[in-house]
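Enquirer: If you scroll down you'll find the structure; I have some questions about it.
The values are calculated or read from the model by the stated rules, or taken from the named source; none is laboratory data. From a predicted model like this one, the values you see are computed outputs, not experimental measurements. Positions of Cβ are generated from backbone atoms using ideal geometry, with glycine treated the same way; all protein chains shown enter the neighbour counts.
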Amino acid sequence: MRQSPAHDPRWRADPAAELVWQRWEEAYFAFDIRSGQTHFLNQAAVSVLAALASGPQSLAAIEDALLRAHGAEPDSATREAIADTLRVMSSLGLVEPMPSR
Amino acid sequence: MPMPTLKRLALNELHARCADGLNLRLGPFVMRLVGRDRRLAQCLYDYYPDYPLAPDDSFADGEIRLLGQSLVARVLRRPLCLGLEDGVPFTECAPGALLAHLEWAINWCVASRAHHYLMLHAAVIERNGHALLLPGQPGAGKSTLCAWLIHRGWRLLSDEFTLIRDCELTIDPLPRLIPLKNESIALIREQVPAATFGPSIPGTRKGTVSHLSPPLDHLRRMAQTARPRWVVFPQYDADASAEFSALHPAECFSQLTQNAFNYTVLGREAFERAGALTDAVDAWRLRYRNLQQAEALLNALTGGSQTC
């Protein structure tokens, strides 16, 4: 049976999004040329986009990348926060779930 | 050589010119004012005497027409009607409110057309070539504070529009009449006895409005640009003690983009220009309860105490 993306969470940066950036310390603003929208992003969201820069990743792989980058230990709250971040970024058109195979 | 100003025209001559269309220079813009009704000429004669005339063949950034009224309409004191180039009615007003509606029509022409600028909804004043931007939502007190400061050593660039011309952040002045509202009218009349006001116009959508004329020297210098140095978000609060608090650049950027008239129109250009502006200024929030207090704090911030 085919699984929904929610059950097979591989994500990619939206290939159609063209982002221009402004940054002040850990506050990031991304202007999406395609949509004309301006997004205020925190460090977590920017780290997620960085993790997806090399290609589609599962939630677990994104979590690993972020934990490595920040030298942190895994826990369920972190994974849930990343999943929430992905959902928000998906609603903004910045990332999208990959169709399951 | 300075351009001739409107006051070189006698009222009758002005009336005749308005019938064909009179080009008035307002900062970087030319507004063409048209109407055979003598009340338009009288309004210009009374409240715009020191504004430069632009040549008749100038390109006009906007055209505002006082539409003709029949004799019956005049006798019955029907509302006046202002229209734009296409002759379609734009706004109606009582004869005594013509100045306020003319000013609003000019605002509309600027805000809806001048997209070669990043236009911020902010008062902007200048001293020693450095501009201080005062963005604020209605009621924040920016016009009142601006009206006070331009009589205390600052030059008026604009009470309403901060016009950022380019990536170098050049600000073009647009010194217009300042529409003070309600309690601010008596306050500035009392604090600045030499200030020149238009009529009090009650019952507008913003309450009672009276227009403060910019100092003559500020009009003469309407071609002198400035660069941004500070952004201060004022908030009048009668019950609060005065305080400055530094604003994080991210908060400043966010507020500036929300204050822009044409952010979504300009898109990436506005995003980049607002970012450059944020990098170029010190940003603060100012809470104040009287004008002298605000002035003292602003002088401390900007390193000046010059008055004139």
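Enquirer: Surrounded by fewer than 19 Cβ atoms within 10 Å (Cβ to Cβ), of a type outside the set (Val, Ile, Thr) and more than 14 Å from chain A (Cβ to nearest Cβ) - does that describe any residue in segment B:256-265? If you could, list the steps in order and put the result at the bottom.
Expert: Step one: of segment B:256-265, the residues surrounded by fewer than 19 Cβ atoms within 10 Å (Cβ to Cβ) are B:258, B:264-265.
Then keep just the ones that are of a type outside the set (Val, Ile, Thr); that gives B:258.
With more than 14 Å from chain A (Cβ to nearest Cβ) added as a condition, the list becomes none.
No, segment B:256-265 has no match at all.
Enquirer: Can you pull out the residues in segment B:178-195 that are on the phi > 0 side of the Ramachandran plot and touching a His at 6+ places or on another chain (Cβ under 8 Å)? Let's see the steps before the verdict.
Expert: To start, the set of residues in segment B:178-195 that are on the phi > 0 side of the Ramachandran plot comprises B:182.
Once the filter is applied, which keeps residues that are on the phi > 0 side of the Ramachandran plot and touching a His at 6+ places or on another chain (Cβ under 8 Å), segment B:178-195 yields nothing.
Enquirer: Identify, by number, the condition in (1) more than 12 Å from the chain's Cα centre (by Cα); (2) surrounded by 21 or more Cβ atoms within 10 Å (Cβ to Cβ); (3) in a loop (DSSP other than H, G, I, E, B) that residue B:174 doesn't meet.
Expert: (1)
Enquirer: So, of the residues in segment A:22-37 that are of a type outside the set (A, V, I, L, M, F, W, C), at the interface with chain B (Cβ under 8 Å from one of its Cβ atoms) and assigned to a loop (DSSP other than H, G, I, E, B), which turns out to be surrounded by the most Cβ atoms within 10 Å (Cβ to Cβ)?
Expert: The first filter runs over segment A:22-37 and keeps only residues of a type outside the set (A, V, I, L, M, F, W, C), leaving A:22-23, A:25-26, A:28, A:32, A:34-37.
With at the interface with chain B (Cβ under 8 Å from one of its Cβ atoms) added as a condition, the list becomes A:22, A:25, A:36.
From the residues that got through so far, the ones that are assigned to a loop (DSSP other than H, G, I, E, B) too are A:25, A:36.
On the way: A:25: 9, A:36: 14.
Residue satisfying both the conditions and the ranking: A:36.
Enquirer: Look at residue B:185 and say whether it is more than 23 Å from residue B:238 (Cβ to Cβ) and β-branched (Val, Ile, Thr).
Expert: So residue B:185 fails the test.
Enquirer: Quick check: anything in segment B:75-91 without any contact (Cβ under 8 Å) to a residue 40 or more places away in the chain, charged (D, E, K, R) and crowded, with 16+ Cβ neighbours inside 10 Å?
Expert: no
Enquirer: Now for a different question. So which residues in segment B:266-290 are in a loop (DSSP other than H, G, I, E, B), away from chain A (no Cβ under 11 Å) and without any contact (Cβ under 8 Å) to a residue 60 or more places away in the chain, if there are any at all? Outline the logic, then answer.
Expert: Going residue by residue through segment B:266-290, those that are in a loop (DSSP other than H, G, I, E, B) are B:267, B:281, B:289-290.
Next, from what is left, pick out any that are away from chain A (no Cβ under 11 Å): B:281, B:289-290.
Correct list: B:289, B:290.
Enquirer: Quick one: how many residues across segment B:40-72 are surrounded by fewer than 16 Cβ atoms within 10 Å (Cβ to Cβ), within 24 Å of residue B:117 (Cβ to Cβ) and among the small types (Gly, Ala, Ser)?
Expert: Of the residues in that region, 1 qualify.
Enquirer: Within 18 Å of residue A:14 (Cα to Cα), surrounded by fewer than 14 Cβ atoms within 10 Å (Cβ to Cβ) and not polar (S, T, N, Q): is that true of residue A:84 in this structure?
Expert: Details: within 18 Å of residue A:14 (Cα to Cα): yes; surrounded by fewer than 14 Cβ atoms within 10 Å (Cβ to Cβ): yes; not polar (S, T, N, Q): yes.
Here the answer is yes, as residue A:84 does meet what is asked.
Enquirer: Kindly evaluate residue A:55 against the criterion of being part of a loop (DSSP other than H, G, I, E, B), surrounded by 14 or more Cβ atoms within 10 Å (Cβ to Cβ) and more than 14 Å from chain B (Cβ to nearest Cβ). Break it down into steps so the answer makes sense when it comes.
Expert: Numbers: part of a loop (DSSP other than H, G, I, E, B): yes; surrounded by 14 or more Cβ atoms within 10 Å (Cβ to Cβ): no; more than 14 Å from chain B (Cβ to nearest Cβ): yes.
Against the criterion (part of a loop (DSSP other than H, G, I, E, B), surrounded by 14 or more Cβ atoms within 10 Å (Cβ to Cβ) and more than 14 Å from chain B (Cβ to nearest Cβ)), residue A:55 does not qualify.
Enquirer: Does segment B:213-222 include one or more residues that are away from chain A (no Cβ under 14 Å) and in contact with a Gly (Cβ under 9 Å, 6 or more places away or on another chain)?
Expert: We begin by selecting, within segment B:213-222, every residue away from chain A (no Cβ under 14 Å); these are B:213-222.
Next, from what is left, pick out any that are in contact with a Gly (Cβ under 9 Å, 6 or more places away or on another chain): B:213, B:222.
So far as segment B:213-222 goes, yes, one or more of its residues are away from chain A (no Cβ under 14 Å) and in contact with a Gly (Cβ under 9 Å, 6 or more places away or on another chain).
Enquirer: Continuing with this model, one more query. Given the criteria out of contact with any Pro (no Cβ under 9 Å at 6 or more places or on another chain) and over 22 Å from residue B:160 (Cβ atoms), does residue B:271 qualify? Talk me through it step by step, then tell me what you get.
Expert: Values: out of contact with any Pro (no Cβ under 9 Å at 6 or more places or on another chain): yes; over 22 Å from residue B:160 (Cβ atoms): yes.
Yes.
Enquirer: Given the conditions (1) under 24 Å from residue B:263 (Cα atoms); (2) within 14 Å of chain B (Cβ to nearest Cβ); (3) out of contact with any Leu (no Cβ under 7 Å at 6 or more places or on another chain), which single one is not true for residue A:43?
Expert: The failed condition is (1).
Enquirer: Looking at segment B:237-250, can you tell me whether even one residue there is within 14 Å of chain A (Cβ to nearest Cβ), free of Cβ contacts under 8 Å to residues at least 40 places away in the same chain and part of a helix (DSSP H, G or I)?
Expert: yes
Enquirer: Looking for whichever is modelled with pLDDT of 95 or more, surrounded by fewer than 19 Cβ atoms within 10 Å (Cβ to Cβ) and touching a helix residue (DSSP H, G or I) at 6+ places or on another chain (Cβ under 7 Å) here; the options are B:180, B:187, B:216. Which one fits? Don't jump to the end; show me each part of the working.
Expert: On the way: B:180 fails: surrounded by fewer than 19 Cβ atoms within 10 Å (Cβ to Cβ); B:216 fails: touching a helix residue (DSSP H, G or I) at 6+ places or on another chain (Cβ under 7 Å).
So the residue among B:180, B:187, B:216 that is modelled with pLDDT of 95 or more, surrounded by fewer than 19 Cβ atoms within 10 Å (Cβ to Cβ) and touching a helix residue (DSSP H, G or I) at 6+ places or on another chain (Cβ under 7 Å) is B:187.
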